[in-house]
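Student: Before anything else, here's the structure in question.
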Amino acid sequence: METIYDHIEIEDFIFDPILQIFQYPCPCGDRFQISLDDLKDGEDVAICPSCSLMVQVVFEEEDLQQYVDQLS
Amino acid sequence: MNYYLLRCGSNGKYQLGLGDDEDKDHLVEEKLNWEPSKIACGGNHTLVLSTDGYIYGCGDNSKGQCGIDDVPVVPNLTAVPKVGGSDWTDVAAGWQFSLLLNENRELWVCGEGFSGELGLGKKMYQTKLTKIPGIWDIDQIETSIHSVMIKLKGGQLYGWGNNRKGLLNLDSDRIIWEPQLIDEQVKQVSLARSFSVVVKEGSLSVKGKTDIQCKLDPKEISFLSTMWSSLHFIEKNKLHSMGNNSHGQIFYDGLSVENIEQISLGSEHGLILYANHSVSAWGWGEHGNCGQKPIENKDRPTDEQVTYSLNEIYNGSRPVKFIQGGCATSWIVVSDVS
C-alpha cells in the first residue's frame, strides 16, 4: 500500500495550458504531474515521473473551468 | 589542510556536481583546493560558499539559477562571477532561484520564480544576477521552494514570495512581490514549504498551512529547523519532531542529543553528525540520499523500501567540518586527519 505523501490544493499547482498538465515541486527535484483530463475524469492523484511519491490534488469540480478557459 | 566534498542522492540535473546525471547511493568524494563554509541546495542546483569569498555552483542552470550565464547545465562545481570583485559572504537557494550576499551587504538574486520569490517586483519572473535594493545586514537567510525569509542582525524579519495561507505574513496578499518587513525582535526563523516558524523572546509562532500546533518555551529550545513538511527541534536536550510522517521523517520522539554535533534537514530526510564524526540519515531516501539498502526493487518500490531510520552513510574516518541536507541530496565536508 502506497501512502499519499501530501495533499496539495489545485491553486498551488502551475498549469501549463499547452501541455494541459498541472505541476508541483517534488522533494526529489522533479515535479508531480496530473493532466486536466484526468482531473475532469475524477482522478486526483498526481505522480512524480522520477520517484514513487504521490500527492492528492485538493479541488472541487467547479475549480476546473478557469483552467479550461485558458486553453486556446 | 585539504578539504573534501562528499555527496550522494538525487542527481538528475547534475546537482551533485560530479559531471554525470546518475543518482548516487554512496558518497562520492572530490578533493578541493578551497575550504567550504556553507552549502545551499535548490530544487536541482547547488551552491557552495568558500571561506575565501567564492561561490561555486552546479546543476540545473536552465533559468540561470546558478548565477552563471548562458549554459543550461553546470556539470561540475564552477565559480560564480564575483560582482565588482567583491567577496561573497552568504548564499541560499530555493526551487529555481538563488540569493547571494556579498561583503558590501548587497543581496543579489538570480533564477526563476512565479510567486514573487525573486523579490524584484510585480511580474518579475526570471533574472540574471540582479541586486535587490537595500543594504542587508543579514543574520539568517531562510528559503523554501517559493518563499524567502531574512532575519537581520537587529532582529527585523523581512519576507517575500509565496504567502499562501499567510505563511510569511497573515496580513499580506497571496504573493509578496518585494521585500516586506513582517516582524521585529525576532531571534530565529525556519521556513518549510508551506509554513514558517518564528521564534521571539517569549513566543514561538507557526504560520501557514499546517496541522502543527506547539506551545514551546523559546528558552528551552536549542535547535529548530524544518524539512518541507515537518518541524524538528531540541528541547531540554531531547530531539522532537512534528508534522508529515509519510516516510519516516518523524521516527523518533525524545531522542537524546548526547554525542550529536550537528543536525541538518533536507527536503524529506535528515542527517545527524555525531561527535565521533560518523553521519547517519533518516527519512525518505529513494534517491540514495540516505545511503544504500539491501532491497532492490527500482521499478515500483514500496514505502518501506524508501524509508530509512538512522542509516550510517559515513563512518567518521576523517574529521567532518559540517553536513548539509538538500532536495534528496546529502553533503559532508571533511578534512585531512590532523
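Taken together, the values in this text are just the output of simple stated rules run on the coordinates, not laboratory data. These figures come from a predicted structure and were not determined experimentally. Here the Cβ positions follow ideal geometry from the backbone for every residue, glycine too, while neighbour counts run over all protein chains shown.
Student: Dipole of the protein assembly as shown (Lys/Arg Cβ +1, Asp/Glu Cβ -1, origin at the Cα centre): which of B:289, B:251, B:66 lies farthest to the positive side?
Tutor: So the residue we want is B:66.
Student: Under 15 Å from the Cβ of residue B:1, count the other residues' Cβ atoms, weight Lys and Arg +1, Asp and Glu -1, and hand me the total.
Tutor: That works out to 0.
Student: To continue, here is another question. Quick one: in chain A, what % of C-alpha pairs are over 14 Å apart?
Tutor: Distances greater than 14 Å cover 55 percent of the Cα pairs.
Student: For the protein assembly as shown, what number results from the quotient of the Cα radius of gyration and 2.2 N^0.38 Å? Each step should come with its number before you reach the end.
Tutor: Details: Rg = 20.4 Å, N = 410, 2.2 N^0.38 = 21.6 Å.
Rounded to two decimals, the normalised Rg is 0.94.
Student: Sort B:136, B:177, B:284, B:95 by Cβ crowding within 10 Å, fewest neighbours at the top.
Tutor: Numbers: B:136 21, B:177 18, B:284 31, B:95 26.
Fewest to most other Cβ atoms nearby, the residues stand as B:177, B:136, B:95, B:284.
Student: How far is the Cα center of region B:112-175 from the Cα center of region A:1-44, in Å?
Tutor: Using only Cα atoms to place each centre, the spacing works out to 25 Å.
Student: For peptide A:21-27, compute the average count of partner chain beta-carbon atoms within 10 Å of each residue's beta-carbon.
Tutor: Details: counts 0, 0, 0, 1, 12, 7, 20.
Per-residue shielding by partner chains comes out at 6.
Student: Would you tell me the mean number of C-beta atoms belonging to other protein chains that fall within 10 Å of each C-beta in A:50-56, as a whole number?
Tutor: Across A:50-56, the average partner-chain Cβ count within 10 Å equals 5.
Student: Calculate the radius of gyration of the Cα atoms of chain B to one decimal place, then report Dmax, the largest Cα-Cα distance, as a whole number, both in Å.
Tutor: 19.0, 53
Student: A follow-up question, please. Sum -39500 (n - 2.57) across every DSSP H segment of at least 4 residues in the protein assembly as shown, then divide by the residue count to get the 222 nm mean residue ellipticity, nearest 500.
Tutor: -500 deg cm²/dmol
Student: Could you compute the net charge surrounding residue B:330? Neighbours are other residues with a C-beta less than 10 Å from the C-beta of residue B:330; K and R count +1, D and E count -1.
Tutor: My count for the surroundings of residue B:330 gives +2.
Student: What does the charge dipole of chain B about its Cα centre add up to, to the nearest 20 debye, if the Cβ of each Lys and Arg holds +1 and the Cβ of each Asp and Glu holds -1?
Tutor: For chain B, the charge dipole is close to 700 debye.
Student: Any idea what the dipole of chain A comes to, in debye rounded to 20, about its Cα centre with Lys/Arg Cβ at +1 and Asp/Glu Cβ at -1? Don't skip to the answer; put the middle values down first.
Tutor: Numbers: 2 positive and 17 negative charges, 76 e Å.
So the magnitude is around 360 debye.
Student: Moving on. Towards the positive end of the charge dipole of the protein assembly as shown, with charges on Cβ (+1 Lys, Arg; -1 Asp, Glu), say which of A:24, B:108, B:28 has the farthest Cα.
Tutor: Toward the positive end, the furthest listed residue is B:108.
Student: If I model a spin label as a point 7 Å beyond the Cα along the Cα-Cβ vector, how far apart are those points for residue B:137 and residue B:215 in nm?
Tutor: 3.6
Student: Two decimals, Cα atoms only, Kirkwood Rh: what is Rg/Rh over region B:87-182?
Tutor: Ratio of gyration radius to Kirkwood radius: 0.93.
Student: Near residue B:165, which lysines are there with a Cα under 22 Å away, not counting those fewer than 8 places off in the same chain?
Tutor: Counting by Cα, and skipping residues close in sequence, residue B:165 has these lysines nearby: B:122, B:123, B:151, B:200, B:207, B:209, B:215.
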